[in-house]
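The values are calculated or read from the model by the stated rules, or taken from the named source; none is laboratory data. Remember, predicted model here, so these are calculated numbers, not experimental data. Neighbour counts run over all protein chains shown; Cβ positions are idealised from the backbone, glycine included. Just so you know, the surface numbers come from the protein's heavy atoms only, side chains and all, with ligands and any DNA or RNA stripped out. Shrake-Rupley method; radii C 1.70, N 1.55, O 1.52, S 1.80 Å.
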Amino acid sequence: MKLKKWLNVVVELTKGNQPSCPICGKPTLDYGYKMVDEKGKTGFGIVWCKSCNHAFSLSRANLKNETKFLDELPKNLVF
């Protein structure tokens, strides 16, 4: 059930909406991507709540130039 809630959050973020955290219910979600393979333009994404630090990761993401990249992952995330 938890996976489905996080996937719904990802869909809403890609639509430009600001959904609430599926764990604490606060509208304080953020996201970003880390490039793993620059040649293949692939990496992973992270969605996290800035209030409760719960997070969800997306593996094997196809990354485009306009993607929001992270220099560092936030500390103390709970997956």
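Just the number, please: carbon plus sulfur as a percent of the accessible area of the chain, 1.4 Å probe, no ligands or DNA/RNA counted.
Reported share for carbon and sulfur atoms: 50 percent.
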The extension gain from T67 to K15, computed as 0.36 nm times the residue separation minus the Cα-Cα distance, is 17.3 nm
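Report the charge-dipole magnitude of the chain in Debye, nearest 20, computed about the Cα centre from +1 at each Lys and Arg Cβ and -1 at each Asp and Glu Cβ. Could you put the intermediate results ahead of the total?
Numbers: 13 positive and 7 negative charges, 54 e Å.
The dipole magnitude comes to about 260 debye.
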Under a point spin-label approximation (7 Å from Cα along Cα-to-Cβ), what is the S51-K2 distance to one decimal in nm? 1.8
Got the relative contact order for the chain handy, in percent, Cα pairs under 8 Å and 6 or more residues apart? 23
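Could you compute the net charge surrounding C21? Neighbours are other residues with a C-beta less than 13 Å from the C-beta of C21; K and R count +1, D and E count -1. Intermediate results must be reported in sequence, preceding the final value.
Values: positive: K2, K5, K26, K50; negative: E12, D30.
Here the charged neighbours net out to +2.
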If eta is 1.306 mPa s and T is 10 °C, what Stokes-Einstein diffusion coefficient results for the chain, Kirkwood Rh from Cα pairs, in µm²/s? 123
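Write down the accessible area per residue of the chain in Å², having rolled a 1.4 Å probe over the full set of protein chains. Please list the in-between numbers first.
Numbers: 5460 Å² over 79 residues.
Ligands and nucleic acids excluded, the result is 69 Å² per residue.
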Backbone HN-Hα couplings from phi across region 12-23 [Karplus 6.51/-1.76/1.60, Hz, Gly and Pro as x]: 5, 5, 5, 7, x, 8, 10, x, 8, 4, x, 9
Would you give the gap between the C-alpha center of region 11-35 and the C-alpha center of region 45-62, rounded to a whole Å? 8
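Where does the charge balance sit around T42 when Lys and Arg score +1, Asp and Glu -1, over other residues with C-beta under 14 Å from its C-beta? If you can, show how the numbers build up before the last one.
Details: positive: K34, K39, K41, R60, K64; negative: D37, E38.
Computed value for this residue: +3.
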